[in-house]
Structure formats: C-alpha cells, structure tokens
Amino acid sequence: MDYYQALESKSVYVIREAYQKFNGRIAMLWSVGKDSTTLLWLVRKAFFGEIPFPVIHIDTSYKFPEMYEFRDRLAKEWGFELIVASNDHQLAQGMGPSTGMKLDCCTELKTNALKQVVERHGFQSILLGIRRDEHGIRAKERYFSPRDAEFQWDYENQPAEVWDQYNSFLREDEHYRIHPILHFTELDIWRYVQRENIPIVDLYRSNNGARYRSIGCVPCCSPVPSQASTVAEIIAELETSTQSERAGRAQDKENLYTMQKLRSLGYM
Amino acid sequence: MQQTPMVEEQIQSVFPIVITGHVDHGKSTLVGRLLYDTGTLQSERYQEMVQSSCETSREDEFAFVLDAFEEERRRGITIDTSQIFFSSKLRPYVIIDTPGHREFIRNMVTGACYAKAAVLLVDATEGVQEQTYRHAWLLSIVGIRDVCVAVNKMDAVGYREERFQELRTSAEALLEKFGLSPSAVVPISARHGDNIVGPSDNMPWCRIAPLMDVLDNLHYTPIEEGAFRFPVQDVYQKSGERILVGRVESGSVRPGDKVRLLPRGDQATVEKILSFPEECAPCARYGEAVGLTLSGADAAVTARGTVLAHGELPRHGSSFAATIFWFFGEYSDGDAVTIRCATQAVEGTIALRQVFDPAQPEAELPCDLICVGEAAHCTIETRGDLVCDDPSLLPEMGRFVVEHDGIPAGAGIFR
C-alpha cells in the first residue's frame, strides 16, 4: 500500500464510521475549496460513487463567482443533494466584512448560518475538511469532535481517541464535527488531487502572476504571487515555500487567538 | 485516470514519532527546536511564536509553536496532544507532542497511538520522575518498540558527562522493567540546540550521534504478512448486492478465497473486491479500506462486528485475560462497560485482579477500584462472543478500548 492509499484508507474508514453511527442525521460541509472537494471525492470512494447524504454550502454571499459556478456544476455532475444555507437575517441587516470586526462577520455569516441549518434539519454530525497542518489550533483536533448546543468546542476536555475507536455518545443538543482528512497536509492534498484527477476551482491556478492558496470570501482573501498554473506546478511551488497557507486570510490576523476563538464559537 | 508514477516513487511515507516524558522536561520545546533547526518552521508561525513569547514575557518560547491554546501559553503547559509535520534531510516526519500532566493522560494516549517510535525525555537536573515511568509503561502497552531517550537540559548541569552517564543508567533500567530497551540515549539541550541536528561544542566528550540522526535511523516494518482479518464495519446494499465494507487489519485477500465468518464460524467465498472509481480490485492488502461481496454467506452473519478470517484463526470467547490502563473517571470492580475491539462492541464487566500505578509498579493498590493514571491486570467478561488475536502478532485485533458511561475511559491489550 503506498502512502496516498494509506491516507485515503484512513479517511474512508472515518467517513464510514460516521455514516454508520449517524445514519440519516449526517451531512457534509462543502466550502467548494480544495480540501472539502477532496473530502467530497473521498465520500464518493467510501460509497462506491454515491454521496448518500446532503452536502451543505454556507453561502455568505461574498464568495467568488467562480466558486458558485463550480459548486453548481459539480453538484449536477456528481448528483448529490445540495443545501445552500445563509444567515438571511444578518445579511438583510447589512452584515459584511467591512461592517466591523471580521471575527463578527465570520461568526454571523458562517458559524451562525451553519448553526441554523443544523438545527433546521436536525443533523447530529457534520463532516468537515479541516487539516491538522493548517493551524496550531487545528493540530489539536480529534477525528470525532463533540460540540454542545451552543456549538462550543470544549477543547480542554476532549475525549480520548485511541486505536480508531471514535467516541460518538451524544448528549442532548450535542452534535459531532467529523474530520476525515485531518491527517492530510496541504501538499498531500495537491498530490492526491493530481493522482486522482479531482476537479478544483480555477482560482487556485495562477492568473496574471498570482493565485489563491486558500479561498473563501472575496474581501478577505488575497492572492499570492505565483506562476503555478497547473496542479504539478502548484506542487513544485509548495515544495519550496515557507509561507503559511492561510497567509492570505484576513480574519486570522486580527488577534493571536482569533482562530481559537472562532473555533471555540463553532467556526469550521 | 491520470497516472503520475514519477511523483509516487518520490513520495516517502511520513514517519510518526511521539514525544513523551514528565511535566516540564521540555517536550514541546524540543519539537519547536526540531522544526526551527531543520528549517521547516514556517516564517509566519515563527513570528507568531516570537510575538506571543514577548506578550507573555518569555524568551523565545519554542513550545508555543505547538501550545497554540491561549490557556496553554499563559500557563506555560501543554493541555492537549498536537501534531506537526517537518522534514529532515532524509525523510518527512509527523511529530506528536503530548502533555506531561497526569490529568491529561488521555491526551497522551491519544497522541501515542498514532506513533511508530517515541522519544522519552528526561530532565538532566530532575532525572526520572513519575510521568517518565507512566509514559514508558504506556509506550510498552501501545506497542511502540523503538524508544529513544533524550537527556534534556544538559546546559543546566554544566554539560557534565558523569551526570549524563548516571541518567543513562537509570533510564535504561526503567525501560528494561517494561521490556523495552532504548534505541539510543542522547544528551541534548532543546533550548540551546545542543546535539539536536548537529554535534555540540559544549559536549566534546559526546560520541553519540545527534538526536536527528538517531531518529533518521529508526525503521518500522508493518506486519503485512499475517493471517487475513477483516472486521466488518458496515453493510451496504447496492444494485441488489450486499457489500461488506471495512479495512483489512492483517494479511490480504483475493476473489475466490474461502473465509470464516467469526464468531459463528460459517464459511463463505469472497466473490469480488470493490473499489471506486475502478470497479473491481484483484486483491485487498493490509490497511486498505475496501468492499467485499461474498457467496454462500447467511445475511445474519455479515453484520458490523463479524470478523472475516482465514489462515490461522483468531481466538473467540467471552472471557479474556487482559492488561488495562485507565484514563478517564474511575471504575469500580463489576461496573458495566462496552469493550470495543476493531468494529466489535460487546457489553461486559471487568474483574480487576491486580491494580497498580505504572509510576510505582511495585506497590499494589486495592483491587476494587481503578483511577486515572492507573493500570490493572484483569479478566474481561463479555455478554456476547468476542474475536481477538495475540497483540504481539496482530496488534489491530489484540487491543481494545473500554467505554464507561458512553465515554472512552480505558484501553488495554489481551494477554
């Protein structure tokens, strides 16, 4: 078994565990970025081409046009149930990245939008495409991570996770965040995308000497200088880069512990 | 499918190493130092570390690279296990940092079970302490054979060789007690970078290779040759077929192979090995998550928890000798628990035979209770049959997790 097959098998095992434990009450969060698109591909692997649960896209209304186009195209091609969720109330009030603290905008338009859709559908578990190497806080995540009714992450009291035995005991109003690609690095994702030929939004490819390394909302993402316009070139670029992946993400930079605050509040 | 054999050949597997040892013996600092000295600390994370060190009035605190929680930095401790990737000149690593405090021992176990080798840190001034013992014992239970001892803070003892030799003797004696022998014992100073990636001018007497070279020389061979074991994870219905999904935990299987369905013992034949996007695979090997279809199998014996086996058959029964370790809450002799071994889950009880604290293995504790940080030799009694193997031959089927009140509270190995 080669290295990427090992990474893949681990993810497929986690996805199947989640499906077995939360059948009918499970959904996946898809940001349309490279990581959650890879996760979507792994879900298809786990169920032999099918995606047997809804796929949620949290729409802040500030995403790139390319992302909306890609989202709708893939949903059609791969044939899955797409739930588009927004915090309509806050959007109507004019919430946006320039209204105040970015932390508040992320909390309202992402975290609270997710909270609303989880409540509306009664989901008990959500698959997410986060990775340990993204951030020091994410490095401490479990594969199965319980969240309380307020979506709080009790990170000082995480349950043990030993030998692929994932805790799934559900207290009232709790839900689980499930992280099947936690062990992939950014470079692993790109090498796996190349190996499996997974479709990826064009924003990651260099256009006029710059590309996005991490994508989200238009106002909070900056491109990085790059000539890499193919997956192979992106891989070659990352092999020598010492910049961090989220360098272009504005919300991380307000305060040293923004990421921890966002995650403890239920951010993905 | 786009094939890229060139890339595949160059990709080396990431080697996972866990860093263990007593509180404040320098685990997180060592990890930060390894990243910095090998040039793999991303410039942003380095700057964030410097800024945070400054805000908490410390010298450049390498531990902050991993201790990312605000509480961890304020209190200067590690609460939860963390993982970080870096590369030596030879190969990529994932370093698993673990907390040294007893109350966070479940986080240490969580981290350790991903590792293939371990570094056990011993503070040159304090020597072997309580958690040094407990962590060493846990490594032996988790099944980690390659343990490298690093005697840290050599700067604090004037880089004296005699002190190092003393500690080397005591570390070797400690590991021997638990059936382990160190791959190497290395004198280092994580804070000052002595003997980490290159030799140290402060220890001209030292003829032991730097820690990074020692780690680069560790090798791990997975048990790929072995009797076939496939614990059924779930059963999917697709196009009128029953697909058994799961992961091959030992050996390999091909279409046409005859397998036993345990614990009941029925026999069936493997028809197809399913994957995606390719429809069928010629073989499924150790570690692969696949789907199998069977012929001649009764639907009743192909549910989650059934173990498909061929070759030498595993044990099955309802009473097993075991050694357990407790990391959450406490257990009173006779309480109901769930035993989880691979995809099996059975209700049962634990009869505690001999309770001890691995930090003081000689002192026996009362046999009616086991608490966080303690261990026991015991008998597991289950209500239904459980299938298991000798952990030294087939680790994935020889170990289990104990769930108490719905929470993973202990772990163990069958004897």
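The set of residues in region A:215-228 being farther than 15 Å from A:Glu66 by Cα, more than 14 Å from chain B (Cβ to nearest Cβ) and surrounded by 15 or more Cβ atoms within 10 Å (Cβ to Cβ) consists of A:Cys220, A:Ser226, A:Ala228.
Quick check, is B:Arg247 touching a helix residue (DSSP H, G or I) at 6+ places or on another chain (Cβ under 6 Å) and open to solvent by less than 10 Å² (accessible area, probe 1.4 Å)? It is false that B:Arg247 is touching a helix residue (DSSP H, G or I) at 6+ places or on another chain (Cβ under 6 Å) and open to solvent by less than 10 Å² (accessible area, probe 1.4 Å). Condition (residue is at pLDDT 85 or above, of a type in the set (Lys, Arg) and surrounded by fewer than 17 Cβ atoms within 10 Å (Cβ to Cβ)) applied to region B:124-144: is it met by at least one residue? No.
In region B:274-286, the residues that are more than 10 Å from chain A (Cβ to nearest Cβ) reach residues that are open to solvent by 80 Å² or more (accessible area, probe 1.4 Å) with C-beta atoms within less than 7 angstrom, at least six apart or across chains, in these pairs: B:Pro282/B:Arg254; B:Cys283/B:Arg254.
State all residues of region A:214-268 that are at pLDDT 85 or above and of a type in the set (D, E, K, R); if no residue qualifies, say none.
Listed by number, the residues that qualify are A:Glu233, A:Glu237.
Strands (runs of 3 or more DSSP E) fully within region A:1-120 that include at least 2 residues being open to solvent by 20 Å² or more (accessible area, probe 1.4 Å) and at pLDDT 90 or above: A:82-85.
In region B:130-146, the residues that are assigned to a strand (DSSP E or B) reach residues that are polar (S, T, N, Q) with C-beta atoms within less than 9 angstrom, at least six apart or across chains, in these pairs: B:Asp146/B:Ser183.
If you go through region B:110-123 and pick out every residue that is touching a helix residue (DSSP H, G or I) at 6+ places or on another chain (Cβ under 8 Å) and open to solvent by 20 Å² or more (accessible area, probe 1.4 Å), you end up with 1. Of everything in region A:129-151 that is within 17 Å of A:Asn167 (Cα to Cα) and assigned to a loop (DSSP other than H, G, I, E, B), the residue that is modelled with the highest pLDDT is A:Tyr143.
Annotation for region B:287-305: no member residue is open to solvent by 50 Å² or more (accessible area, probe 1.4 Å), within 14 Å of chain A (Cβ to nearest Cβ), more than 20 Å from A:Ile15 (Cα to Cα) and not small (Gly, Ala, Ser). Being without any contact (Cβ under 8 Å) to a residue 40 or more places away in the chain, loosely packed, with under 14 Cβ neighbours inside 10 Å, under 28 Å from B:Ala409 (Cα atoms) and not aliphatic (A, V, I, L, M) is a property that B:Asp368 has.
How about region A:216-242: which of its residues are under 24 Å from A:Trp30 (Cα atoms) and not in a helix (DSSP H, G or I)? Result: A:Gly216, A:Cys217, A:Cys221, A:Ser222, A:Pro223, A:Val224, A:Ser229, A:Thr230. Residues that are open to solvent by 20 Å² or more (accessible area, probe 1.4 Å), within 13 Å of chain B (Cβ to nearest Cβ), closer than 18 Å to B:Thr81 by Cβ and not charged (D, E, K, R) do occur in region A:167-184, at least one of them. Just a yes or no: is a residue in region B:155-176 in contact with a Ser or Thr (Cβ under 8 Å, 6 or more places away or on another chain), of a type outside the set (Ser, Thr, Tyr), not assigned by TED's automatic domain parsing to the domain that holds B:Leu393 and not in a helix (DSSP H, G or I)? Scanning region B:155-176, I find no residue that is in contact with a Ser or Thr (Cβ under 8 Å, 6 or more places away or on another chain), of a type outside the set (Ser, Thr, Tyr), not assigned by TED's automatic domain parsing to the domain that holds B:Leu393 and not in a helix (DSSP H, G or I), so the answer is no. Just one of (1) out of contact with any Ser or Thr (no Cβ under 9 Å at 6 or more places or on another chain); (2) part of a helix (DSSP H, G or I); (3) at pLDDT 90 or above; (4) surrounded by 21 or more Cβ atoms within 10 Å (Cβ to Cβ) fails for A:Ile126. It is (2). Taken over region B:247-261, the criterion of being farther than 15 Å from B:Asp234 by Cα and more than 11 Å from chain A (Cβ to nearest Cβ) is satisfied by B:Ser250, B:Gly251, B:Val253, B:Arg254, B:Pro255, B:Gly256, B:Asp257, B:Lys258, B:Val259, B:Arg260.
The values are calculated or read from the model by the stated rules, or taken from the named source; none is laboratory data. Please read all numbers here as calculations on a predicted model, not as lab measurements. Reconstructed Cβ throughout: ideal geometry from the backbone, glycine too, with neighbour counts over all protein chains shown. For accessibility, only protein heavy atoms count, side chains too; no ligands or nucleic acids. Shrake-Rupley method; radii C 1.70, N 1.55, O 1.52, S 1.80 Å.
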